[in-house]
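The values are calculated or read from the model by the stated rules, or taken from the named source; none is laboratory data. As the structure is a prediction and not an experimental result, all values here were calculated from the model. Here the Cβ positions follow ideal geometry from the backbone for every residue, glycine too, while neighbour counts run over all protein chains shown.
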Amino acid sequence: MPMLRPLVAAAAVLALAPAVPADAGQRRREQDQVLDARQSGQVMSLRQIEQRVVPRMSGFDYLGPEFDPGTASYRLKFMRAGSVVWIDVDARTGAIIGRTGN
């Protein structure tokens with residue numbers, strides 16, 4: 001039984017340790033990819049995209065962006081009256097290429 005005490009203590013410490021979000025590494029890679037694409041002039045800045053799209057979404061609350069490096073597109077998330085709407089924007093041109101939700 002004395003050998004189990006250190007094992008139980010270690011398990012308790014691990015159980016109480018703060019959890020790191022599983023997607024933290026993915027978020028960091030996404031940010032690096034956006035920065036690289038922006039610095040090389042391949043995509044518009046998020047600020048430019050937001051200046052084009054957010055004013056068109058009158059009455060919606062803007063919740064934030066995501067970037068998809070595979071398609072070089074931003075997905076902007078909006079909400080109104082409990083309904084979520086995603087606006088997909090070509091990061092190279094700033095053109096709206098899709099809308100999902102109500």
If you take just the strands (runs of 3 or more DSSP E) that sit entirely in region 58-102, which of them hold at least 1 residues that are closer than 23 Å to Arg28 by Cβ and not aromatic (Phe, Trp, Tyr)? 61-68, 73-80, 83-90
When (1) hydrophobic (A, V, I, L, M, F, W, C); (2) surrounded by 12 or more Cβ atoms within 10 Å (Cβ to Cβ); (3) within 14 Å of the chain's Cα centre (by Cα) are applied to Ala24, the one that fails is (2)
Are there any pairs with C-beta distances below 7 angstrom linking a residue in region 50-75 that is among the polar types (S, T, N, Q) to a residue that is not in a loop (DSSP other than H, G, I, E, B), with the two at least 6 apart or on different chains, and if so which? Ser73/Asp88; Ser73/Val89; Ser73/Asp90; Ser73/Ile97
I need every pair where a residue in region 87-102 that is in contact (Cβ under 8 Å) with a residue 24 or more places away in the chain has its Cβ under 9 Å from the Cβ of a residue that is in a strand (DSSP E or B) and aromatic (Phe, Trp, Tyr), sequence separation at least 6 or different chains. Ile87/Tyr74; Ile87/Phe78; Val89/Tyr74; Ala91/Phe67; Ala91/Tyr74
Enumerate the pairs (first residue in region 23-40 and within 14 Å of Arg92 (Cβ to Cβ); second residue anywhere and among the basic types (Lys, Arg) and not in a helix (DSSP H, G or I)) with beta-carbon separation below 8 Å, excluding pairs fewer than 6 apart on the same chain, so at least 6 apart or on different chains. none
Checklist (1) modelled with pLDDT of 90 or more; (2) touching an Asp or Glu at 6+ places or on another chain (Cβ under 8 Å) applied to Ala81, failing item: (2)
Out of the residues in region 68-85 that are loosely packed, with under 15 Cβ neighbours inside 10 Å and touching a strand residue (DSSP E or B) at 6+ places or on another chain (Cβ under 8 Å), state the one that is nearest to Ile49 (Cα to Cα). Asp68
Top-ranked residue in region 35-57 [being assigned to a loop (DSSP other than H, G, I, E, B) and in contact with a Phe, Trp or Tyr (Cβ under 9 Å, 6 or more places away or on another chain); ranked as nearest to Gly98 (Cα to Cα)]: Met57
Taking the stated definitions as given, is Pro65 surrounded by 14 or more Cβ atoms within 10 Å (Cβ to Cβ), modelled with pLDDT of 80 or more and in contact with a Leu (Cβ under 6 Å, 6 or more places away or on another chain)? yes
